[in-house]
Amino acid sequence: MSTVAGIARAALLVDLEISIYSGRKQDKRTQAEVTQSKGAASKRAASVYKSLFAECKELDDINKFQARVRAEHYRMTQPWNDYGARLLPTSLLQDYKQTMNRLEAEFDLLVDKFLDKYDTLVASAAFQLGTLFDRNEYPSRNQVANKFRMHISFCPLPTSGDFRLDIEAEVQRDLIDQYEKRAVAQVTAATQDSWTRLYNSLKRLSDRLVIEEDGKKRIFHDTIVTGALEMCELLTHMNVLKDPSLEKARRKLEEVLSGVTPKELREEDGTRLDTKRKVDEILAAFDWGIEDADSTADQPV
């Protein structure tokens, strides 16, 4: 069985689509006034966008929530291609569907809350925006409702056996070969994503558990431990290639953290330093070949 055929039995592709009403509009009249007042030779020297609802908690909540949905989608899936679809291990399918069904229900409630107040919010905007207000820029309630959408679609992972084309055998073999190479590269990228998650978790732990020479301890949130343990559990599903090195590193981190609590790491210097030593040993034991992709490494986690 080829690598791709094996992965096709252990994973599928999932695509998340979320669209929302932005509540923003380009204001060409104000843009022209700005460029003219600043002496710009071109009206395109600046772009002016206005918020049709200057202060709208309901719309802000929807924007924040859709970011949360995307983050959860990315947490439970792995990269596959450049077109939106991501790899989902079949062993995670039930958990993924339950999570997304719950989030979709919350999304619908937030949208309904906004739509229920829409007409009132438009009336309030007239006072908030002053001369910037233009009623023609506000769609009807039904038009706005159609701008909100959350949809999840699943499809099986294609294999080279799906090439059933009425073409010359040599051309077909070439297409199959190209697809197999591309698919193997995508599977490798998905596995690399798992390694990167594990590496960054280890790096955060190592950084946060430092005790400075003056005895000062770096601050961290409980999620540095709970999140790492959740990630370890997730990687048991995401290791679709059954990479023994990934499983060994994952298991070592799980063993290190399973016996300690965030409270102990904060209050007991011996436990803190021993845990950091074990984490650093895991980092030293593997040839990661990964640049630290975590831009929050210097922030409390």
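The values are calculated or read from the model by the stated rules, or taken from the named source; none is laboratory data. Please read these numbers as outputs of a predicted model, since none were measured by experiment. All Cβ positions, glycine included, derive from the backbone under ideal geometry; neighbour counts span all protein chains shown. Side chains are part of the model used for accessible areas, which takes the heavy atoms of the whole protein and leaves out ligands, DNA and RNA. Shrake-Rupley method; radii C 1.70, N 1.55, O 1.52, S 1.80 Å.
With contributions of -39500 (n - 2.57) from each DSSP H run of at least four residues, the per-residue ellipticity at 222 nm computed over the chain stands at -19000 deg cm²/dmol.
Between ALA32 and ASP222, full extension at 0.36 nm per residue minus the direct alpha carbon distance yields a gain of 63.3 nm. Just need log10 I(q)/I(0) for segment 185-301 at q = 0.15 Å⁻¹, Debye formula, equal scatterers on the alpha-carbon atoms, no solvent, rounded to two decimals. Results for segment 185-301 at q = 0.15 Å⁻¹ read -0.64.
Expressed in Å, the radius of gyration and Dmax of the Cα atoms of the chain are 25.5, 74.
Cα axis of helix 269-285 to longest principal axis of the chain: angle in degrees, 0 to 90, nearest 10? Its long axis makes an angle of about 80 degrees. Computed from backbone phi with θ = phi - 60° and the Karplus coefficients 6.51, -1.76 and 1.60, the 3J(HN,Hα) list for segment 125-142 is 5, 4, 7, 6, 8, x, 6, 6, 6, 9, 4, 5, 7, 9, x, 5, 4, 5 Hz; x is used for glycine and proline. Between ALA11 and THR90, the built amide H atoms are under 5 Å apart, and every one of these is 5 or more places off in sequence or on another chain.
Keeping the other protein chains in place, figure out the carbon and sulfur percent of the accessible area of the chain, with a 1.4 Å probe.
Working: 8470 of 17480 Å².
Roughly 48 percent of what the probe reaches on the chain is carbon or sulfur.
Computed over protein heavy atoms with a 1.4 Å probe, the accessible surface of the chain works out to 58 Å² per residue. If both residues of a DSSP beta bridge must be in segment 1-125, then about 100% of such bridges are antiparallel. Projected label points at ASP214 and THR196, each 7 Å from Cα along the beta carbon direction, are separated by 3.7 nanometres. Placing a label point 7 Å from the Cα of LEU283 along the Cα-to-Cβ direction, the residues of segment 189-209 whose backbone N falls under 12 Å from that point are 199-209. Around the amide H of ASP27, modelled in the peptide plane, lie the amide H atoms of VAL48, TYR49, LYS50, all under 5 Å away and 5 or more residues distant in sequence or on another chain.
Here ARG102 sits with roughly 110 square angstrom of accessible surface, probe radius 1.4 Å.
If I stretch the segment between SER258 and ARG135 completely, what's the gain in nm (0.36 nm per residue apart, minus their alpha carbon distance), one decimal?
Result: 38.4 nm gained on full extension.
Each peptide among 246-255, 132-141 gets the average number of other Cβ atoms lying within 10 Å of its residues, and from highest to lowest they stand as 246-255, 132-141.
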